[in-house]
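Below is one structure, written out as structure tokens, with a few remarks after it.
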Amino acid sequence: MIRRVARALGGLLVCVGLALGVVASFEYDEARDAWAHESARHRSGDPGYDAATSDALYYATFEPRLRARLVGWWIASPGWVLLALSFRDRRRVAGPASGRALHAAALLDGAALVALLAGAAHIEGWVSAPAWCALLGTQLAGIALALGWGAMATGASLGGRLTRTMVVDGNDRPAGFGRGFAALLLWPFGLLWAPIGLAFAPATEPPHLAWSGLRGVASQR
């Protein structure tokens, strides 16, 4: 029941956040076009140009852009997190997993998250549409948080599926909301250790799992 509520609420938040962000982005485009038109009158020496009007139109572009960013962070991004936490991994525990596979899974998941966060940080340099970039950038960051937290809380992740591993607690159950978040906070230590573990100590347990009371196991469908 809780999982269904979280899934429904998450989907609603994502849809509402994206809808409000799209509206704000279109409003930004309209305000920017109006300001650009007024600026063009100034450059052409049009006597009807009014500096106060131009300034007002310029400042009118700030609010839609800020609103697109805020609805992305505070409405849509929590929705992505709820969707990820409500996911149910239907794979079963098949037995112990090798440390090499667990370190490889950590590196694969880390690469996916770094790519998303890099996209969120640099999207404004790639696309010259500030309000749309503000909305899309927050979505990429929200999805990165959702994937990382969801991977720890539910046991399922991209790296885990590719290496046929999953994360469970001592009773072979998903970590859950709180312990999954603790493992997420410790994940940077696991990422730092993963290449060392692969090269020199493949039998070791990823530290972010061991320190949060979790373990990696082999999985089967």
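Things worth noting here:
- Scanning segment 184-221 for residues that are touching a strand residue (DSSP E or B) at 6+ places or on another chain (Cβ under 7 Å) and part of a helix (DSSP H, G or I) returns a single hit, L209.
- Restricting segment 1-18 to residues that are over 18 Å from the mean Cα position of the chain (by Cα) and not charged (D, E, K, R) leaves a set whose member that is modelled with the highest pLDDT is A8.
- Within segment 203-221, residues that are on the phi > 0 side of the Ramachandran plot sit with their Cβ atoms under 9 Å from residues that are open to solvent by less than 60 Å² (accessible area, probe 1.4 Å) and in a helix (DSSP H, G or I), at 6+ positions apart or across chains, in these pairs: G213/A182; G213/A183.
- The set of residues in segment 173-198 being open to solvent by 70 Å² or more (accessible area, probe 1.4 Å) and either within 21 Å of S86 (Cα to Cα) or modelled with pLDDT under 90 (or both) consists of R173, P174, F177, R179, F181, L185.
- Flag if P130 is surrounded by fewer than 24 Cβ atoms within 10 Å (Cβ to Cβ), in contact (Cβ under 8 Å) with a residue 60 or more places away in the chain and either of a type in the set (S, T, Y) or within 17 Å of A68 (Cβ to Cβ) (or both): yes
Conditions (1) of a type in the set (G, A, S); (2) at positive phi; (3) modelled with pLDDT of 90 or more, marked per residue:
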| position | (1), (2), (3) |
| --- | --- |
| A121 | yes, no, no |
| W126 | no, no, no |
| T165 | no, no, yes |
| N171 | no, no, no |
| F200 | no, no, no |
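- For segment 37-55, filtering for residues that are exposed (fewer than 14 other Cβ atoms within 10 Å of the Cβ) and in a helix (DSSP H, G or I) leaves 7.
- Note on segment 199-212: residues that are out of contact with any helix residue (DSSP H, G or I) (no Cβ under 6 Å at 6 or more places or on another chain), under 16 Å from V167 (Cα atoms) and open to solvent by less than 40 Å² (accessible area, probe 1.4 Å) amount to 1.
- When A118 is tested against (1) open to solvent by less than 50 Å² (accessible area, probe 1.4 Å); (2) touching a helix residue (DSSP H, G or I) at 6+ places or on another chain (Cβ under 7 Å), just one condition goes unmet, and that condition is (2).
- Options R90, R32: the member that is open to solvent by 80 Å² or more (accessible area, probe 1.4 Å) and either basic (K, R) or part of a loop (DSSP other than H, G, I, E, B) (or both): R90
The values are calculated or read from the model by the stated rules, or taken from the named source; none is laboratory data. Given the structure is predicted, the values throughout are model-derived calculations rather than measurements. Backbone-built Cβ (ideal geometry, glycine too); neighbour counts: all protein chains shown. Keep in mind that these areas ignore ligands, DNA and RNA; they rest on the heavy atoms of the full protein, side chains included. Shrake-Rupley method; radii C 1.70, N 1.55, O 1.52, S 1.80 Å.
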